[in-house]
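As structure tokens, the structure follows; a few thoughts come after it.
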Amino acid sequence: MHWSCRLILVGTGVVKGEGTVKAVSRGGDRQELLRGPLFYVLIMTAVTVVFWRESPVGMMVLSLMCGGDGLADIIGRKFGTAKLPFNTSKSWAGSAAMFAGGAGMSLAFIALFHALGFFPYTVQILLPSVLCTALAASAVESLPINQTLDDNFSVPAITAVMGHFLVNAIHQAATF
């Protein structure tokens, strides 16, 4: 909880933290820390506590937020000249990076946790679920709703719901 406390203290102005504001915010406004970055830290902490080593759904949520959404921002800023027709603040390159980075990281962690004995299902069995979930999360992240609903909420929510549904369907099929 160290980072969430730090974001709150710096974001409210209780503590000076120009370095934190510069590193974490996009616009340089300390109050920005109380929105997306704080939501991100709280959700990542909650997902880790709830799902850690218990479910591939947790790995998908963490991976799509870290490997997907994080990579989308970097790639979108660097190579994102071709904008999405329905959201000109997002790019095809960023959306592709979201999908590839999130799916790739999900599959890597699922393979690792399967090899360590935490998950009963292999990458091959979970591949369709991961790809469908990554596609849905990438689609949600690309929508022009981020002024209304922060994608630090919408991406983990759609990932958790869809991932749970698809992984549960695989589990039901395997035990049938």
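The values are calculated or read from the model by the stated rules, or taken from the named source; none is laboratory data. Computed from a prediction, not measured in an experiment: that's the story for all the values here. Note that we place each Cβ from the backbone using ideal geometry, even for glycine, and neighbour counts take in every protein chain shown. Just the protein is used for accessible areas: all its heavy atoms, side chains included, with ligands, DNA and RNA removed. Shrake-Rupley method; radii C 1.70, N 1.55, O 1.52, S 1.80 Å.
List the aspartates and glutamates whose Cα sits under 18 Å from the Cα of K90, skipping any in the same chain fewer than 8 residues away.
The qualifying aspartates and glutamates are D69, D73, E141, D150, D151.
What are the ³J(HN,Hα) values, in whole Hz, obtained from phi via the Karplus relation 6.51 cos²θ - 1.76 cosθ + 1.60 with θ = phi - 60°, for each residue of the stretch 163-169 in sequence order, with x given for Gly and Pro?
With the stated coefficients, the stretch 163-169 comes to x, 4, 4, 6, 5, 5, 4 Hz.
Are there chymotrypsin sites (Phe, Trp or Tyr not before Pro) in the stretch 1-64 that DSSP marks as loop and that have at most 15 other Cβ atoms within 10 Å, and which are they?
Those that pass, being in a loop and sparsely packed, are W52.
How far is helix 92-115 tilted off the main Cα axis of the chain, in degrees rounded to 10, range 0 to 90?
50 degrees
Which distance in nm do the two modelled labels at K22 and L112 give, with both placed 7 Å along the Cα-to-Cβ direction?
3.1 nm
Round to a whole number: what % of the accessible area of the stretch 42-176 belongs to carbon and sulfur, probe 1.4 Å?
Carbon with sulfur: 71 percent of the solvent-accessible area.
What shape does the chain have by the C-alpha gyration tensor, where a ≥ b ≥ c are the square roots of the eigenvalues, rounded means a/c under 1.5, and otherwise prolate means a/b greater than b/c and oblate the rest?
Oblate, since a/c reaches 1.5 and b/c is not below a/b.
Ordering M44, M98 by how much accessible area each has at a 1.4 Å probe, largest first, what is the list?
In descending accessible area the options line up as M44, M98.
Between Q147 and K78, take the C-beta separation as r, use R0 = 25 Å, and let me know the FRET efficiency to the nearest 0.05.
Given R0 = 25 Å and the Cβ-Cβ separation, E is 0.60.
Just subtract the alpha-carbon distance of E54 and A139 from 0.36 nm times their residue separation and send over the number in nm, one decimal.
Taking 0.36 nm per residue and subtracting the Cα distance, the gain is 28.0 nm.
Stretch W92-V14 to full length: gain in nm at 0.36 nm per residue minus the Cα-Cα span?
Full extension of this stretch gives 24.1 nm more.
I'd like to check one number: the per residue accessible area of the chain, probe 1.4 Å, reported in Å² as a whole number.
With the other protein chains kept in place, the chain gives 55 Å² per residue.
For the stretch 1-108, state which GluC sites (Glu not before Pro) are in a DSSP loop and have at most 16 other beta carbons lying within 10 Å of their beta carbon.
Answer in residue order: E54.
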